[in-house]
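Trainee: I have a structure I would like to understand better, so I am pasting it below and will then ask my questions one at a time.
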Amino acid sequence: MSTLQHTPDLSVNVRPGRRARYRLNLDARSIVFYAILIAFSLFFLFPLVWMAGTSLKSIEEVGRPQLSLLPEVPQWSNYGNLFADPSFYRAYVNSIFVVVVTLVGTVGSISFVAYAFARLEWRGRNLVFALMLGTLMLPAQATLVPQYVLFYNLGWIRTFNPITIPGFFAGGAAMIFLLRQFMVGIPKELDEAAMIDGANPLQTWWYIILPLSRPAIATITVFLFVGLWNNLINPLLYLQKAELFTMPVFVAGKFNLQESPIPWQTIMAASVTFVLPVLVIFMFTQRFFVQGIAATGGKEG
Amino acid sequence: MTAIPANFPAPKRRRHSWRKTIEGYLFIGPVVLGLIIWTFGPMIASAYYSLTDYRIVQPPEFIGFGNYIELFTTDRLFIQSLSVTVRYGLMFMVLGQIVSLLLAVLLTQKVRGMAIFRTFFYMPIIVPYVASALLWRYLYNKDFGPINAVLQAIGLDPINWLGSPESSLFSMVIMSVWTGAVTTIIYVAGLQQIPEDLHDAAKIDGANAVQRFFAVTIPMLSPTIFFNVVTGFIGSFQFFVPAFLMTDGGPIKSTYFYNLNIYEKAFRWLEMGYASAMAWVLFIIIMAITVVLFRVSNRWVYYEGSNER
């Protein structure tokens, strides 16, 4: 009885209040509120706008103190020179190749493994799952040296292998965790029905679970994409040859302290072409991206 | 009901049949192999290398605890890089958590146009470290960087942000706050889980916004704060690319992060054994910090949650 009386009370009191707060009323408090938001927006946006503006400035303009976001005369040749540079193309193509191959391997193997953790019953499952999650505690640099030695002994230095191949072994405990949590929530009756129809676990994974896991797979794909596209340390350690360089190594190589004056406009133009794909993807997939971070605490690996 | 044949297997016993276990291991094969090949194997190898003098071109030569003894007795760069990392971690923890929490509170207000502000605030996360490190190197430039141009425009003295050992580390903290909206996102998720009736109840009791923040929001958010503090502090031990590209550890080693030290030992001087010992010391430090933070958190989370205020 008491709960019955309580429920309508809540709906009457809370709903109108909530709706009222959505209305834009410009009293002193909300002006201050928006001022704070805009101030922080400047802090977050200014560097990026500065990057884009600088990429169109001339070398004289870049080397003198100024606060102008826009170039005096847009120097489109900054981009023209970049696009005319064969090493730029090579780095871009290399980056796309490495990212696509690694993504296919990683997302494929992660979805396979997550399925076994979420839907199959087998001895030792909890132990293996706990061991896998335990590796999240390991600092990446604890394995940096021995992995380098391993790849060196395998003769994989100056190849893409150290970057692409580990992905095929379900690299990324946090992503396995995220996908497994999602798969646990899919109704069990669906696999049971498939099993009764004679599907083996492989078929159940491919025809039932994978299609239903699309939102979570989108999340981990976006997440892994950004991490792979941005990664500097592995390409820096293992590629070591200009023909193999990916974009992070290429952009970092544009910066050279021996050069005077430093061609900031070229560095920024290269940065813009490098940042733009992730920025566009972020704009369209912000929801997935934010969910991925909220679910895993921002762990990429 | 009794029509079930007597030999029908009990479901309980069937659940863990060998067939299913083999299927399970076939499915997790990739991750088990991956953990052995890329993680546990290298960890064991690295423990061994840390006890050797190993310069990759020659086979490792066993020297017992020599590397560890050198680390703790004569290597002043080791102490310096550890101190830089810890000081950065503490500064970033305080400033980063305060700013992120403030931003998260702003972003969870129900007002018009919040979606666009969220996009703005979150955008720097996806900027590659390579790009943001070079960009901030330019922003911080002593002579023609825009930050000093702003300072001079409002009549202040320019600051040699990255060029002086007093300010270089703090300059990196500011840059990390700019790229660190991951913390904000986690706080936003945490704030959205706080039931609204708690705020409503406090409001009815006459609590103002500030009182509600400290009496309701902070205690309810304490697990999230704890998570962010732990991951943020551990994350500061992973800090590498900005130090590598912005200052190369300088000036006078004021930004010589632990990771940069490991990187140089291993890949500039090819002292693989010594670098492995450094990695193990780091691993033990991170474990110790995590354990201490968990111990302390029990009291802290309990204290905040006990409604004493």
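Read-outs throughout are calculated quantities, based only on the coordinates presented, and are distinct from any laboratory measurement. Fair warning: this is a prediction, and the values are worked out from it, not measured in the lab. Reconstructed Cβ throughout: ideal geometry from the backbone, glycine too, with neighbour counts over all protein chains shown.
Trainee: Along each of the three principal axes of the Cα atoms of the range A:138-218, give the extent in whole Å, ordering the values from largest to smallest.
Mentor: Principal axes ranked by extent give 49, 25, 18 Å for the Cα atoms.
Trainee: Could you tell me which of A:GLY108, B:ILE204, B:ASN160 has its Cα farthest along the dipole of the protein assembly as shown towards the positive end, charges placed at Cβ (Lys, Arg +1; Asp, Glu -1), taken about the Cα centre?
Mentor: Value computed over the given set: B:ILE204.
Trainee: Shifting gears a bit: So which trypsin sites (Lys or Arg not before Pro) in the range A:212-300 pass both tests, a DSSP loop state and at most 16 other Cβ atoms within 10 Å of the Cβ?
Mentor: A:LYS241
Trainee: Moving to a separate point now. Suppose we keep just the alpha-carbon trace of chain A; what are its Rg and Dmax in angstrom?
Mentor: My reading of the Cα-based Rg and Dmax gives 25.3, 81 Å.
Trainee: Under 12 Å from the Cα of B:LYS253, which aspartates and glutamates turn up, not counting those fewer than eight places away in the same chain?
Mentor: Straight-distance partners of B:LYS253: B:GLU166.
Trainee: To the nearest 0.05, how large is the calculated FRET efficiency for B:ILE44 and A:TYR89 if R₀ is 41 Å and r is the Cβ-Cβ distance?
Mentor: Calculated value: 0.45.
Trainee: Okay, moving on. Fully extended, how many nm does the chain gain between A:LEU279 and A:GLU72 (0.36 nm per residue separation, minus their Cα-Cα distance)?
Mentor: Difference between extended and current length: 71.9 nm.
Trainee: With a length cut of 27 Å (Cα positions projected on each helix's long axis) and a Kyte-Doolittle mean of at least -1.0, go through chain A and give me the DSSP H helices that pass.
Mentor: A:28-54, A:86-119, A:264-296
Trainee: Can you give the extra length, in nm with one decimal, that the chain gains between B:GLU70 and B:THR119 once fully stretched, where that is 0.36 nm per residue apart less the Cα-Cα distance?
Mentor: The span from B:GLU70 to B:THR119 would gain 12.7 nm if fully extended.
Trainee: What is the sum of charges, Lys and Arg at +1 and Asp and Glu at -1, for the other residues whose Cβ falls under 15 Å from the Cβ of A:PHE182?
Mentor: +4
Trainee: Now for a separate question. Determine by what factor the alpha-carbon radius of gyration of chain B differs from 2.2 N^0.38 Å, reporting the quotient.
Mentor: Scaled against compact globular proteins, the figure is 1.34.
Trainee: Running a GNM on chain B with Cα contacts under 10 Å, which residue among B:LEU26, B:LEU169, B:LEU35 ends up with the highest mean-square fluctuation?
Mentor: B:LEU26
Trainee: Starting from the Cα gyration tensor of the protein assembly as shown, multiply each eigenvalue by 5, take the square root, and state the resulting semi-axes largest first in whole Å.
Mentor: Whole-Å semi-axes of the equivalent ellipsoid: 40, 36, 26.
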